[in-house]
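What follows is one structure encoded as structure tokens, with my remarks underneath.
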Amino acid sequence: MKCPYIYQSGDHTVNSGKNKVGDICGVRFGREEYGGYCFPHGVKMGTVPREAIEKKKKSHKDSIVEKRQRRTEADEKVQENITNPEIKLNPRVLEALGFDRPCHLDEEYALWKSINQKPTVVNYDEKMAFARWLETPKHLRNPKTMAEAAVILGVTEKTLISWTTSPDVVDFMNMDIESRSRGLFKLAIYKLGENIDKNDTKSIIDFLKYHEEKEAKRQIKTRSLELTPEEQKQADDHARSMGERNRGVALKSEKSMVIANALKGISEEIKQ
């Protein structure tokens, strides 16, 4: 059954431009017990029984709780592997990832407050400090519990639980993990060097390939423009005169500007 709801002025999708006034919903989720409407439009039109609405809310809430629980269990499993004495993890790897350093929440919070990076975002400093504390292995956290952390940040424990899925916190943790992963680069190069020293052919080939690709990218970035002798002389003379006028400031910038103007003139001649 297709939902017969007709979009009206003031509807969210009308305001966003997705639908126009007079459009018909038409989704195939209309139900007879909802008066033919889909669930959201049935709620809007008042045709969905209160019991069905409460059941839907409970199902949605349970789904969120389950997702958070799964995420928490996964995080705890990672932290357990890091702290479990029976699992021998390479301390150099933990050091490279920054998982060997403690997090003092009060110090982290004070640091973010002093930076004041996004003053227009509500509780931004608190969220960033909490994110750093949250991703730190449990045995290196100070304080240890969520309740104590809430006191330091001046919010409730319930608020901190909701922040674990906040876009600000999640985005920060993703960026921070990416930043931590860069710490493995030096370790990877060191290990590669060890293998090369052992005459490992694959490691030698991998290193040479990496070096060639990096050099190719550098050449692309530093490739100079091909100018005629007259254009080069004009650029040099202008850059020198502007440099003397400005006491030698930004010679390279001035030269680049002249080159750009010369190329622009050539482009205009071609168009004509």
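Couple of notes before you dig in:
- Model label sites at D206 and T145, defined 7 Å from Cα along the beta-carbon direction, differ in position by 4.7 nm.
- Cβ crowding within 10 Å, taken as a proxy for footprinting-reagent exposure, orders H139, H41, H104 from fewest neighbours to most as H139, H104, H41.
- Think of each Lys and Arg Cβ as +1 and each Asp and Glu Cβ as -1; about the Cα centre, that makes the dipole of region 1-63 roughly 160 debye.
- Sites R218 and K191 - FRET efficiency at Förster radius 30 Å, r taken between beta-carbons, to 0.05: 0.80
- Förster radius 25 Å - calculated FRET efficiency between K138 and H60 (Cβ-Cβ, nearest 0.05): 0.25
- Within region 10-33, backbone nitrogen closer than 16 Å to the virtual label 7 Å beyond the Cα of F39 toward Cβ: 27-33
- Anisotropy class of region 183-222 from Cα gyration tensor, a/c 1.5 cut: oblate
- Between Q234 and A52, the distance separating the two model label sites (each 7 Å from Cα on the Cα→Cβ line) works out to 7.6 nm.
Read the figures in this text as sums done on the coordinates, not as results from a lab. Quantities reported herein were computed from a predicted structural model and do not represent experimental measurements. Heads up, the Cβs are rebuilt from the backbone with ideal geometry, glycines too, and the neighbour counts pull from every protein chain shown.
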